[in-house]
Amino acid sequence: MTSITAFGPDFPFAYDDWLTHPDGLGTLPEAALGCEVAVIGAGAAGIVAAHELMRLGLRPIIYESHKFGGRLRSEVFEGSDGIIAELGGMRFPVSSRAFYHYVDQVGCETAPFPNPLTAAAGSTVIDLEGRTLFARTLDDLPPLFHDVARAYANALESGANFSALQAAIRSRDIAAIKDIWNPLVAALDDQTFYDFVTSSEAFRALGFHHREVFGQVGFGTGGWDSDFPNSILEILRVNLTELDDNQRFVKGGVEQVLHRLWRKRVDCAHWPSGTSLSDLNGGATRSRATRIARLPDGNLSVTDQWGRIDSYPAVLATCQSHLLTTAITVDEALISQKLWMALDRTRYMQSAKTFVMVDRPFWQDTDPVTAQPVLSMTLTDRITRGTYLFDNGPDQPGVICLSYAWMTDALKVLPLPAEKRVDLALAALAKIYPDVDIASHIRGNPICVSWEADENFLGAFKGALPGHYRYNHRMYGHFVQDRLPPAERGLFLAGDGVSFTPAWVEGAVQTALNAVWGIMNHMGGRSPDTNPGPGDRYGEIGPVALPE
Ligand SMILES: Cc1cc2nc3c(=O)[nH]c(=O)nc-3n(C[C@H](O)[C@H](O)[C@H](O)COP(=O)(O)OP(=O)(O)OC[C@H]3O[C@@H](n4cnc5c(N)ncnc54)[C@H](O)[C@@H]3O)c2cc1C
């Protein structure tokens, strides 16, 4: 039996097969070769799309308003020799096949992520309502936790035909996926994750406390109550495609994947062998895009923050959708009013992380009384929510992510400076580990992030609400532009917020590949019959449309 991959369920297109097919992604007419196209954003979607557009023979001109890497940001602790904090994406499920295609291409190494109750974490502490439990695996936890895990598995089974749907995803049986998933979309679009859990037979048979524990500890990586108001469809996609399981981190920092792709010398159509994206951009990205407009000749113009205006036949915007309203002046006529509604109504979640560098992985010291490690990966209902421990080797400084939190827990620290955030986290952890002096191990300055406080993001990632399926559908399907009026063609959208699986880089990569097909088609190119692209299959196997 093959393994589960991020194959659908909304659009079960095999991106991994498309990417590796010997006949390639497609070809462009002679006249289009060497043309410049604009890519706004040097995050995962922008760099992946630019890489493939370059391979097709175009010159992608990349605009970046802030930091290269976007939400795959690995920040180096000052004064260290490459010790990093992963501020955005940090754990990558192996089911993310399109993302790993690029990780492998650039030769980055990965290792198991120290998630709760995994061997990579070594040990886990669960601290709820002032009670602290120590465990190495789920088996070490009391029956309550097993009941909760079983109840959720039963809720998925009875409410979403889960194992049949997973079997269909595993075997890439498109008809079977559609048969089960499409009716679920219609049935569950108006339901929150919380409704789904509370109305299930399995949880109704248990009490409120089980639901509460599920919200705190959940399954996989924990902390699911922050997602309780989200659409259950969004959560189901995570479970179905195992995005919350079997996760790995990128050694040395995930941002490297994008830097290496930017510098990677490849064989392309049109360009000399060994051309890189860096070469085609003169070694640096352009700055902030401030305006996108239609020119009289039908092309699109992009203005940068210094007033430079360039003309392009196609523009790909990969920034968060709100920024098309707040940061870039976009000609309103380039996008239909229905799509504007979707872009502006898209909801973003908040997220904050607080990291410190420490002298060594001291948490592995053994407590003489308990014979347990002095500190463990920790899930708690306190303000820190998730504390993760990163061991860089015995002779290297270690890193502690003191707190990874979302929504209200992220808002609690939003206006606070880094030192205050560390103080709050240490105070919470001191209640769980009264005898451990974490502060004495801290070296250098803390690193903190609140994605919602950064004008280049205005939020961490999309978190679709009930009823938002139609918005997703409009944004996601926009790359197939031949059915749009000419006035709305040429501007493409991709990235985390356009995808059906926000908060997972795989969605950013898959939508980037959709946009590559869209731009190729827009420029008169096509995929080979032997390797049809996402737009070629969209009419046949695209996401189900719900009545408007
Ligand atoms: C806290 C957090 C945790 C996450 N954890 C995980 C995880 O563990 N696993 C996982 O798979 N995924 C995770 N993700 C999701 C993953 O990080 C994203 O899916 C991915 O990085 C998004 O890439 P993108 O290219 O769509 O967007 P971005 O990375 O946001 O790229 C868009 C770029 O556009 C730039 N930009 C904005 N405005 C302009 C402008 N006017 N002009 C030019 N440039 C502009 C921005 O600066 C940014 O660099 C996480 C994300 C966050 C925030």
- prompt: Size of the dipole of the range 144-249 about the Cα centre, Lys and Arg at +1 and Asp and Glu at -1 on the beta carbon, nothing else charged, in debye to 20?
  reply: 280 debye
- prompt: If Lys and Arg each add +1 and Asp and Glu each add -1, what is the summed charge of the other residues whose beta carbon sits under 11 Å from the beta carbon of D454?
  reply: +1
- request: List every DSSP H helix in the chain whose Cα atoms extend 24 Å or more along the helix's own long axis and whose mean Kyte-Doolittle hydropathy is at least 0.0.
  value: 143-160, 505-522
- prompt: Hey, got the Cα dimensions of the range 351-458 along the principal axes, in Å, largest first?
  reply: 47, 29, 18
query: Among G535, S351, V197, which residue has its Cα positioned farthest towards the positive end of the charge dipole of the chain, with +1 placed on the Cβ of Lys and Arg, -1 on the Cβ of Asp and Glu, and the dipole taken about the Cα centre?
result: G535
task: Compute the length gained on full extension between D529 and D365: take 0.36 nm times their separation in residues and subtract their Cα-Cα distance, giving the result in nm to one decimal.
output: 53.0 nm
- line: Plugging the Cβ-Cβ distance of A430 and R150 into 1/(1 + (r/R0)^6) at R0 = 41 Å yields, to the nearest 0.05, a FRET efficiency of 0.75
Cα-based Kirkwood hydrodynamic radius, the range 271-341, one decimal, Å: 13.8 Å
query: Ratio of the range 419-487's C-alpha Rg to 2.2 N^0.38 Å, to two decimals?
result: 2.03
field: Signed unit charges on C-beta, dipole axis of the chain, positive-most listed residue I383, V76, V266
entry: V266
- line: Inter-part gap, Cα centre of the range 256-293 to Cα centre of the range 52-122, in whole angstrom, is 17 Å
Point-charge dipole on Cβ atoms (K/R +1, D/E -1) for the chain, about Cα centre, debye to 20: 740 debye
- request: Stick to the Cα atoms of the range 390-548, pair each with every other, and give me the Kirkwood hydrodynamic radius in Å at one decimal.
  value: 19.7 Å
- prompt: Which stretch or stretches of the range 432-461 have amide N atoms under 18 Å from the point lying 7 Å from K420's Cα along the Cα→Cβ direction?
  reply: 446-454
query: In Å, what Rg and Dmax follow from the Cα atoms of the chain?
result: 23.5, 78
message: Strictly over 25 Å apart at the Cα level, which of K251/K462; K431/K462; K67/K264; K420/K462; K338/K412 would you flag in this model?
response: K251/K462; K431/K462; K420/K462; K338/K412
query: Which value, in debye to the nearest 20, describes the size of the charge dipole of the range 351-458 about its Cα centre when Lys and Arg Cβ atoms bear +1, Asp and Glu Cβ atoms bear -1, and nothing else is charged?
result: 200 debye
Length released on extending from L295 to S171, taking residue separation times 0.36 nm less the Cα-Cα span: 39.9 nm
query: Using 1/(1 + (r/R0)^6) with R0 = 25 angstrom and r between the beta carbons of N445 and K412, what's the FRET efficiency to the nearest 0.05?
result: 0.70
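Just so you know, all these numbers are worked out from the coordinates, no wet-lab data involved. These numbers come from a predicted model, not from an experiment. With ideal geometry, Cβ positions are generated from the backbone for all residues, glycine too; neighbour counts draw on all protein chains shown.
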